[in-house]
């Protein structure tokens, strides 16, 4: 690709990046440029068009962790789809708008990140919006460019306004596309084509205009001097300068004069004028809207005869393709496109897929298709693309000033390869034809170039088109067809009426012409001969009869041979399919009501996907009154879906609206005729789990994830789940299936089981209490009252909550809630009257507009509440309530059904079959701290894992965890101090959060280990899976702000509020500050190639009100570095690890301290030569050396420090190795003393 083919003259490629980090002697720190973002960020957020935020973390093994923060916690429901390793997250409340109104690319999180649309990279989302006539612009959009050719506007949506914008998505909008990043394809130049052209045509394209829409044109190049007749920059660069090189090389192929080579390297049409439309910036990228605006300018205002482009977006169809077709029809412009350099079948992207475009692939000097040249067929029609091939391997062309090709040819040229140069060949040839045939139309130019090409023996038409470009042959054709290709579309073999297309011919000769016509089967002609007067036209009908045609891709040529002249070939194409069958899919919920479920339908043999708006062929829908319907080829299919059963009266799948979830469907069903498949949740069976070692309950959030996967025989794996919090029941149901015989199939359920959070017992009534949903009543669990322990409560029937002077002191207030009544108002009034606890029955559905609770509040099913009220009206009734705020044990289970779903999906989670982890959660000198944690699990077939954050109450403490073992499952965990907020509806002071994560691993059945979280000292260091390393002159930095005593690591940028973290990372060359960042010690910087000494300073300060330990750390590293050729080299930076004998509160009375000094993992370092330790008991104002520091071997040291008074101790370690690398680390308030 181009980025690897150009470098600045006299400098390494990395010097392009160095422009952003040039040191300024004596400059203020805030004037020094920040580090460049990491090339492949490990942690990032993507805000969707709906305002929902997806957080992604990439693990050391490439597997990814995902979580979603909804724009409104009361909303819930996200369809999570992993198709071939790309994750799409579609909110349930807009799923019905995809793809008709909303571009699926808006929800492809993987692609959004790859295009640079993460929250860390941009605060806005570029869109292309098409609205109905007279519709008011949606709120929150800023117009950028009007795109008349497609009736749309390029806009920007500020991410902070996305939630407001989402509220009106369906109103007044016809379609919203992501304004996707376009990429440029490599081009290559003409060496001998110019001579052939001049021999065939006088003027060499004089009087014609060819627009190059690419990276700009170096108009000062001697070969292009005076040729650029107009220019416009559509990028943010602000000029037409070519800083990437591809546009200049394309221009040289088209119209280069050869002045720098004595005419050796001339273009195809050196007499043509050029237009410079810059749609690619200096980085080699751009936006689809830039390309459309460039096409409109070139085709309209600038009056180009020919427009050539080598840009693309993945996939087919969409605004770019629409613009090409519309502008061709409107202005008569010929658009010449390259197929792209992905080198695969069926991978011609937009806009090269446009039927109106001339699409060109690459061949080498021997006429063999280049291995990088992409090709069709395209779409359901299986249309032929490219129509033509041209030279594209090892071609010499003009090089832009200040850019040096990887393979220079003299001072002004380079040798390149790529389909973009092949398209440039064809564009130059089109200019010659426009000049030689006044009045010729764009379709007739296509006809001449394709029909006059040189056939490529042995190369299928779908790979190389009709043949290799032959400029002289194209110019020699005097009879031309109305187009190069006659496409018969999609038909059904053995059925249907004949399809007839009319092709017209025009005689450009000065004499009448008799033209013999011939077409191969399965096509027939209405005539075999035409007589065309001089300058006149004629036509013939061509027919394809599908009733007499076998299934397959129809490919033939219509050959028109004028008497005494050269034959003209027109491609005849079509897709004659086997008869498709109707597949109707409807769904029924567990309560028997119809359910609107979009199923995943996968062809098990070839991987074709239906109904998802994801990368696949366009669907062929059919009408259906009660679900979905597609026309699909006969075959074997997987038809699966997840059905949400809603509470009575609910119409959406929001929080508190879904009762339970059911997996339904048929992973292997043979379809030979029209079929109606009913996904029936009533056939699904409840998952049963027995935990014989402990009493467990399905507390709120216990059922975490239901996911299914299908791997076809060919094609990508399709994995799907529905992320939903706030279900009314913690149940999953699975429909039993047969065993699959093709590909792979599995269903998995993820569970978190604990001690029952709340139970109630009373004689005569079976009670099943459940706490009201905390999301509506708090930001954090510490604001939400719960019962902890056992209480014997007398029931007081409080009716509808009016109270009427009831004595509720110490009692359980039983309240029948009427629709619309505020739960918090009812409960808090009872609490004010002395109630110890409140039980609500009747209408228990909460919709919002609540306030903080003052008393523990649960709900009961209506029959339970009525029975309890009836008994309390007759006698004194007592309830024994037991609450467990901090479960002493947790079962983290990930259970799968492989190849089939059994008739009874039940599991016994015996302790001997699980791994046991005794987990210690440490606190900062205090008791009763609330943390949060998240635990991600992966099945072997999962690329992505998603889960929710959970509260860890009553820290510090030790908890016993039981986990599903490997080899089936791998786990990754993270812990937060303090608890991470799950809402923001109640005002409060924002505080910083320390998050640390462990390494992904599996566990063995019966394994027992101990581990700690947030054990101090906590100080900056490194993660083994993400090193700080140098490749060439690019230094990639990933230093972690937090490394605890267990080796868990985390980072934190500077918080945008006062009581949070302040992070400052700086790098010096000698004493010269050359780069800094406040984003958490990660990024990239370009260093000079020569060996030099560097110093890195990393300061992390915690200003949160909860902080008691590690309130400030400062680490200084010094090291030498120079250009590193080849693979990345990990820098031999020194790291310090601590082992203090602290208790769960991170305190100790001991004077002992263990140290380990080593180089970051994987680095080749020199022996450690010197280590010293100092301590401070006054937060670093004064320091004293350790009483003793003993080398115990292998980089470990045993220290004895002065016995401190009760309080805290700070540490300062200084170390160096034999090569002179050093580290000095200060940890203020490292741990407590007692």
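What follows is calculated from the coordinates using simple rules that are stated; it is not laboratory data. Model, not experiment: these values are computed from the prediction. Cβ: placed from backbone, ideal geometry, glycine included. Neighbour counts: every protein chain shown.
Going highest first, how would you order 819-832, 486-499 by mean Cβ packing within 10 Å?
Working: 819-832: 18.8, 486-499: 16.4.
Most protected by this proxy first, the peptides run 819-832, 486-499.
Measuring from label point to label point, each 7 Å out along Cα→Cβ, what is the residue 1194 to residue 34 span in nm?
It works out to 4.2 nm between the two label points.
So for the chain, averaging the separation of alpha carbon pairs under 8 Å that are six or more residues apart and normalising by length, what relative contact order in percent results?
8
Between residue 171 and residue 739, with labels modelled 7 Å along Cα→Cβ, what's the label distance in nm to one decimal, could you check?
Result for the modelled spin labels: 5.7 nm.
According to the square roots a ≥ b ≥ c of the eigenvalues of the Cα gyration tensor, what is the shape class of region 182-440, taking rounded for a/c under 1.5, prolate for a/b larger than b/c otherwise, and oblate for the remainder?
Rounded, since a/c falls under 1.5.
Between residue 529 and residue 455, take the C-beta separation as r, use R0 = 30 Å, and let me know the FRET efficiency to the nearest 0.05.
Rounded to the nearest 0.05, the efficiency is 0.80.
For residue 652 and residue 1008, what is the calculated FRET efficiency with R₀ set at 41 Å and r taken between the beta-carbons, to the nearest 0.05?
Efficiency at R0 = 41 Å is approximately 0.35.
Calculate the length of the line joining the C-alpha centroid of region 439-487 to that of region 802-857, in whole Å.
Taking the Cα centre of each part, region 439-487 and region 802-857 sit 81 Å apart.
Quick one: grab the alpha carbon gyration tensor of region 451-494, order the square roots of its eigenvalues as a ≥ b ≥ c, and give me rounded if a/c is under 1.5, else prolate or oblate depending on whether a/b is larger than b/c. Let's see the in-between values first.
Numbers: a/c = 3.85, a/b = 1.53, b/c = 2.51.
Since a/c reaches 1.5 but b/c is at least a/b, the shape of region 451-494 is classed as oblate.
Taking the mean number of other Cβ atoms within 10 Å as a proxy for protection, how do you rank 1091-1097, 97-103, 1040-1046 from highest to lowest?
Sorting 1091-1097, 97-103, 1040-1046 by mean packing, highest first, produces 1040-1046, 97-103, 1091-1097.
Rounding to the nearest 10 and keeping the result within 0 to 90°, find how far the Cα-based axis of helix 319-331 lies from the longest principal axis of the chain.
30
Given an 8 Å cut-off on Cα distances and at least 6 residues of separation, report the relative contact order of region 392-462 as a percent.
About 23 percent, as a whole number.
Find the centroid of the Cα atoms in region 317-393 and in region 879-893, then give the distance between the two in whole Å.
Measuring centre to centre over Cα atoms gives 63 Å.
Going 7 Å from the Cα of residue 567 along its beta-carbon direction, which residues of region 440-457 have the amide nitrogen within less than 15 Å of the resulting point?
451-457
Find the centroid of the Cα atoms in region 1148-1226 and in region 642-705, then give the distance between the two in whole Å.
Here the two parts' Cα centres lie 56 Å apart.
Taking 0.36 nm per residue of separation and subtracting the Cα-Cα distance, what length does fully extending residue 910 through residue 822 add?
On the way: separation 88, 0.36 × 88 = 31.68 nm, distance 4.35 nm.
So the chain would gain 27.3 nm between residue 910 and residue 822.
Enter the angle in degrees (range 0 to 90, nearest 10) between the Cα long axis of helix 823-832 and the first principal axis of the Cα atoms of the chain, meaning the one along which they spread out most.
20
Note down the nm distance, to one decimal, between modelled labels 7 Å out along Cα→Cβ at residue 804 and at residue 225.
My value for the distance between the label points is 10.3 nm.
For region 182-440, what does the relative contact order come out to in percent, with C-alpha contacts under 8 Å and a separation of six or more?
27
As an exercise, use a Förster radius of 22 Å and the Cβ-Cβ distance of residue 518 and residue 380 to find the FRET efficiency, rounded to the nearest 0.05. Show your work: numbers first, answer last.
Details: r = 29 Å, r/R0 = 1.31.
For residue 518 and residue 380, the calculated efficiency is 0.15.
To the nearest 10 degrees, how steep is helix 419-436 against the longest Cα principal axis of the chain, on a 0 to 90 scale?
For helix 419-436, the angle is close to 30 degrees.
Give me the one-decimal Kirkwood hydrodynamic radius in Å for the chain, with the sum taken over alpha-carbon pairs.
Value: 34.3 Å, from the Cα pair sum.
Can you sort 742, 181, 903 so the residue with the fewest Cβ neighbours within 10 Å comes first?
Sorted ascending by nearby Cβ count, the order is 903, 742, 181.
By how many nm would the segment from residue 984 to residue 239 lengthen if fully extended, with 0.36 nm per residue of separation less the alpha-carbon distance?
263.7 nm
If you stretched the chain out fully between residue 591 and residue 55, how much longer would it get, using 0.36 nm times the residue separation minus the C-alpha to C-alpha distance?
189.5 nm is the gain from fully extending residue 591 to residue 55.
Calculate how many DSSP beta bridges within region 788-899 are antiparallel, expressed in % of all such bridges and rounded to the nearest 5.
35
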